[in-house]
């Protein structure tokens, strides 16, 4: 169902322009929004109930498969242990994602500005992407000054390429007719980049951001597995291994639950950022009117 945007006061300069035309913005009905919340929540509750009844009916031991109540109890009991580990993992993840955003966008702009630079540098980015991170981690542990830095580099390398490749694809997806129009009016290379190419690349960049956010978390965990780091400054990956070695399966599930919740939160945050940037103008974030 469509609603007409609220009217506003127009100046004389708006007469005869698109600004004077009310915009039809399709809005979801209340029932659609309610179902969009109830259906996922209902399925999640059903999955937890099925898990609980399976463990209860079959009397599965806690060291094989704990019940949801055991996991929640372990989460509350072991919170002083799990919280510092969670903060370490979050610090590595978001630091790597921030560096990947800055480096990926900057390098993408540089590659698009010159065909020769793209031919010279892009193959190295591909090589870093296709090389398994678990194979690079031992080398980084040797050359990096400390273990947290090695973990940060591993996470950065995994999150970097999706952002770079999506940004390059977006910058190259500009309509050629618009490029010709900018050339016709004598726009400089940087004016074309700022006013045309970067806005056109935003949907691609947002897709890369969503992918890179999840991969940064995954790489942080995998790198810690490969590094075998332990002790006070360790993340959730070490707590997973520690719980496995001690057969403390409820704590293992609690740490896994925190990782899953962190991944969902990162995806939700990046999706929200994407919606805020695109929902007013791009087709991918607009609901069809028919």
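The values are calculated or read from the model by the stated rules, or taken from the named source; none is laboratory data. Note that this is a predicted model, so its numbers are computed, not measured. In this analysis, Cβ positions are derived from the backbone assuming ideal geometry, glycine residues included, and neighbour counts consider all displayed protein chains.
Here are the criteria: (1) within 30 Å of residue 209 (Cα to Cα); (2) under 29 Å from the mean Cα position of the chain (by Cα). Tell me which single one residue 116 does not satisfy.
Residue 116 satisfies every listed condition except (2).
Out of all the residues in segment 181-199, is one or more farther than 17 Å from residue 151 by Cα, touching a helix residue (DSSP H, G or I) at 6+ places or on another chain (Cβ under 6 Å) and crowded, with 20+ Cβ neighbours inside 10 Å?
Within segment 181-199, one or more residues are farther than 17 Å from residue 151 by Cα, touching a helix residue (DSSP H, G or I) at 6+ places or on another chain (Cβ under 6 Å) and crowded, with 20+ Cβ neighbours inside 10 Å.
Considering only residues that are loosely packed, with under 12 Cβ neighbours inside 10 Å and within 17 Å of residue 202 (Cα to Cα), look in segment 252-286 and name the one that is modelled with the lowest pLDDT.
Per the criteria, the residue is 284.
Got at least one residue in segment 112-134 being outside the structural domain of residue 264 (by TED's automatic domain parsing), more than 18 Å from residue 163 (Cα to Cα), at pLDDT below 85 and out of contact with any helix residue (DSSP H, G or I) (no Cβ under 7 Å at 6 or more places or on another chain)? Reasoning before the result, please.
The initial filter retains those residues of segment 112-134 that are outside the structural domain of residue 264 (by TED's automatic domain parsing), namely none.
Within segment 112-134, not a single residue is outside the structural domain of residue 264 (by TED's automatic domain parsing), more than 18 Å from residue 163 (Cα to Cα), at pLDDT below 85 and out of contact with any helix residue (DSSP H, G or I) (no Cβ under 7 Å at 6 or more places or on another chain).
Would a scan of segment 220-242 turn up a residue that is more than 30 Å from residue 64 (Cβ to Cβ), surrounded by fewer than 13 Cβ atoms within 10 Å (Cβ to Cβ) and either modelled with pLDDT of 90 or more or assigned by TED's automatic domain parsing to the domain that holds residue 136 (or both)? Talk me through it step by step, then tell me what you get.
We begin by selecting, within segment 220-242, every residue more than 30 Å from residue 64 (Cβ to Cβ); these are 232-233.
Applying the additional criterion that residues be surrounded by fewer than 13 Cβ atoms within 10 Å (Cβ to Cβ) yields 232.
Filter again for either modelled with pLDDT of 90 or more or assigned by TED's automatic domain parsing to the domain that holds residue 136 (or both), leaving 232.
Within segment 220-242 (the criterion being more than 30 Å from residue 64 (Cβ to Cβ), surrounded by fewer than 13 Cβ atoms within 10 Å (Cβ to Cβ) and either modelled with pLDDT of 90 or more or assigned by TED's automatic domain parsing to the domain that holds residue 136 (or both)), the answer is yes, since at least one residue qualifies.
Given the residues 11, 74, 95, which is the only one that is at pLDDT below 90 and either surrounded by 10 or more Cβ atoms within 10 Å (Cβ to Cβ) or not assigned by TED's automatic domain parsing to the domain that holds residue 264 (or both)?
Working: 74 fails: at pLDDT below 90; 95 fails: at pLDDT below 90.
Residue meeting the stated conditions: 11.
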